[in-house]
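Asker: First the structure, then my questions, so here it is.
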Amino acid sequence: MSAKRKNGDVSDPLSGREKKKLKTAAARTIAVQQDDKVPSGSHAQPQGQGNNSGGPSRAVRFEAQQLPGSLDVEKFAEYDLSHLTPVHFPLSRGDATHRAWQQLPRHLRRRAASHDARRVPLRLRDKAKAEIEPARKTRAQKQALRKRLAKQKHVSRAHALVKRQLDKVWLETHIWHAKRMKMENMWGYRLAIQPTEKAFRPSHRASVHGSILHDASYYGFVEVKGPEKIISWIFQSCCDMQGPSPSAKRFVSGARACDTHIHNPETYPYDLIGPVTIIWQALSTKETILKQQPTSSKEKSSGKAKQTASSGPDRVVWIRAHPTIFDEALLALRLSASFALERVKVDFDAPDTEKCNVEIADLRDCLNIFEITGPKSSQVIKGALKPVKNDRRNDFKEFWESLSHLQTTASVPRNLIAGFKVYDPRLSFPPHNAKVHVHGDGPTLSPNPTVLPTPTLAQCEIWDEKLREGLRNPHYKKKDLDSRRSKASIPGTPLQAQQDDDRIPIMLIQRSLESASWGSQHRGPTSPSLHGWTLIIPAGWSMAFLPSLIFTGTRVAGQRERQTQHFEAGCPHFPRDYPCTFAYGEFSADREVEERTRWERKPPAKRPNYTKLGTRSPWKPDWEVVLGIRAEGDADGTEASGDYIPAQREEPSEDEQQVQPWLLRGVEVNEVLNAAYGAGDHGAGLLAFINRLRAKRNQNPLDGASTKEKLLQGALVTVKVKMCGKGRPDDQALIYWVDDKEHNKWRKTKNDNEDDGSEVRRFNLVPFSSLLTSSGQHTDLIPPTTDIIGYITTANYSLSLGEGSALGFIPVTQLFRLKQQASRYAPLEPLPIIPINRLSSLRAESQLLVKIRDRDGVVCRAASLQVITT
């Protein structure tokens, strides 16, 4: 009980110091039972009854020698025990501020002890239980609440996965890839970019010496159904005119696939859309006989046989296209079909045109595609797949037996098609990779059997739409097959196919990545070709085939590995190596935004200054400036005269129309360039050859005096950049022109190094920056922007060549200019045959010499160009 103020003044407030003193005194006072009879011998004085006594008090302060004479023990103990509880009065100061486990020595502290009181010593076990129970109760309450909320907002896993695909599409193997590879949104799909492990070099070795698999199911198919003649006219109108037509006999039979490019109808060589693959359905033996006999014997004997547009059975064709150009290709096919039907009305009678119908269907999400590349791809196919036993075709038996003897798929005819049925691959899991058979007991391989593409071999039931829809969902799930496998008497025994097990129709297409060069004088190593198979299966079966194909030791490739395959083979990769196309425009715009954003995030001292480096267009190549279509620094492509801008723009006349860029590519690029270069007027020679190609496909020629100049000025050609010495260019590096003075200096330096006989100096040539510097200033190292003649689209260190390599594009006019410069320095005598160990001793005059500079570099290095034909 707190004491009163002096003089009995209760209204005066207490100071903080006085309150603290009273609080301390009250804490040091022990409340005892009041005794009415105080012994006479006691000198006890009640507290508060001194000079400032205000009345009696139950709290009594006893001195050491003034204890009460009597005490009621029961009442005193009962009173004290009611106030002394472990909660309010802990035994020690540590009990209130530390948990039971914190009071243990450090060598006895365990994380498991915080959940189990039995791990605590006996003296602290009660305290540990008291601490654990409230925490468990609170946790249980939170879990119960979370379960109730989850039941209220329950969403099925299938619905959740579908909800995550609102802005993109998942492949059937998405979950498998997402666990092992880096994923990104591309072309409307969620695709695998690269493995999470370090797999750049192992993936290249797999494509050259082993096998590597890529899920290309994001490619789409377009189905065209109609009379064969009309479909042939459709392809003549919109497909590439170089090489054999998609309507050639080798392709129409269905035994081979046709790799070509598609343009907008009747605009060749302009308006390139992109590469496509065309597959004709193989006719059966009965249909082939009907095709060879379109008229009846009565009409034939009477001489009234008449060829019509609808004669013969309807044909079905599949066109495989990249997702970025799928809509464009579909629109081009529809326009070409309308042109073909108009042609039918002109060439044939009206009753015959009523029978001509062309159906164009979208088959996206109906077929899945696996690309298997490498010399062991044939053994992977034979080890993972088991054909059905009732296939009695002799052509297929010979083909399937030959897979065991193939050292590489390059020995198979290009674009061969094989169709057959296989059992469910899960029945024979795990598969055993087939081995190449050897001849006799020695190490010599047996000769490859001759496998020829035939329509009988190409026949496949995958063309049947009803059959594909019936196989969209496998009859048995994996758990059902595992249950059957667990009942086997011998563990690990493959399951035998039953009558109700699925038989899946598949199609195999031989796949090759290879290129050739024009006007090449190099005798050094060339890019190796890559070969493999393209496996087409019905939708819904990707995850059934993928484990069996991978279990054979095949690696899995993403977009990076697929691009590297094209680069190592020296082939352009779509869309990054296809300028003058809409798909390339989208790709370069996305890359520009990404690289510019990354560049702007860096401080000025940590990023390259492209203005001082003299890089004209660091984010994407300005092809129109390189071609001379617009002036440098003119962003709109038009040059304003004076300070006034006309309010109304007049339509340009036919002669004043702007030059349209276009890409010269194809299997006949050699012939086109030779014809144009050999003519006195390069433009006239190029126009004449293009008109011959158009006439071969029944298209009107390109005419006009200004057409040949615009045609030549707007042409780009693909080149392969080979470094003359050390150095590795980067993407979007610049290609510079080398004048005659620089050409002479480099040639003299090269010859001097060869005369010294030093291998080190021979391969590490002095760069242009140190050869041509006169004043030693930094600005003298960088050539002017007017000397830019092209750009590099893809560059890297080639693992197959062991040196830096690149793919780029230059105008055809600049190519002819380089060819004329090289011819001026060409030796009069023919070049001798040089041994392999002296490949570098080739004369420099025989090369198309250029300078290469990275967009953020200051050193120009010598390189030579080769024209790529694909």
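Asker: Relative to the present Cα-Cα distance, how much length would full extension add between Asp464 and Ala130 at 0.36 nm per residue of separation?
Answerer: This chain segment gains 113.0 nm when fully extended.
Asker: In which sequence would Leu166, Leu367, Leu687 go, from the one with the fewest C-beta neighbours within 10 Å to the one with the most?
Answerer: Ranking Leu166, Leu367, Leu687 by Cβ neighbours within 10 Å, fewest first, gives Leu166, Leu367, Leu687.
Asker: Show me, for the stretch 545-558, the HN-Hα J-couplings you get by feeding each phi into the Karplus relation (A = 6.51, B = -1.76, C = 1.60, θ = phi - 60°), rounded to Hz, glycine and proline as x.
Answerer: Result, ordered by residue: 8, 4, x, 5, 6, 7, 5, 6, x, 7, 7, 10, 10, x Hz.
Asker: Then there is this: Sorted by average packing, counted as other Cβ atoms within 10 angstrom per residue and highest first, what order do 673-685, 718-730 take? Each step should come with its number before you reach the end.
Answerer: Numbers: 673-685: 16.8, 718-730: 20.8.
Going by the mean number of other Cβ atoms within 10 Å, highest first, we get 718-730, 673-685.
Asker: So, one more: Just want the ordering: Glu131, Glu342, Glu561, from fewest to most Cβ atoms lying within 10 Å of their own Cβ.
Answerer: Ascending number of Cβ neighbours within 10 Å: Glu342, Glu131, Glu561.
Asker: Applying the Karplus parametrisation 6.51 cos²θ - 1.76 cosθ + 1.60 with θ = phi - 60° to the phi angles of the stretch 231-237, what ³J(HN,Hα) value in whole Hz is obtained for each residue in order, glycine and proline being reported as x?
Answerer: Listing the rounded values in order: 5, 5, 5, 4, 5, 5, 7 Hz.
Asker: Please compute the length gained on full extension between Asp72 and Gln496, using 0.36 nm multiplied by the number of residues separating them and subtracting their Cα-Cα distance.
Answerer: 143.1 nm
Asker: Subtracting the Cα-Cα distance from 0.36 nm times the residue separation, let me have the gained length for Tyr610 to Leu363 in nm, one decimal.
Answerer: Going from the current span to full extension adds 84.2 nm.
Asker: Let me ask something additional. As a footprinting exposure proxy, order Met507, Met186 by other Cβ within 10 Å, with the fewest listed first.
Answerer: Met186, Met507
Asker: Let me ask something else about it. Treating cross-link reach as a plain straight distance, find the lysines whose alpha-carbon is under 27 Å from the alpha-carbon of Lys151, omitting any fewer than eight places away in the same chain.
Answerer: Candidates past the 8-residue exclusion: Lys137, Lys142, Lys163.
Asker: While we're here: Less than 24 Å apart at the alpha-carbon level, and either on another chain or at least 8 residues along: which lysines does that give for Lys389?
Answerer: Output for Lys389: Lys286, Lys397, Lys421, Lys435, Lys466, Lys477, Lys478.
Only the coordinates and a few stated rules stand behind these numbers; no lab work does. Keep in mind that this is a model prediction, so the values were computed, not measured. All Cβ positions, even for glycine, are placed from backbone atoms using ideal geometry, and neighbour counts span all protein chains on display.
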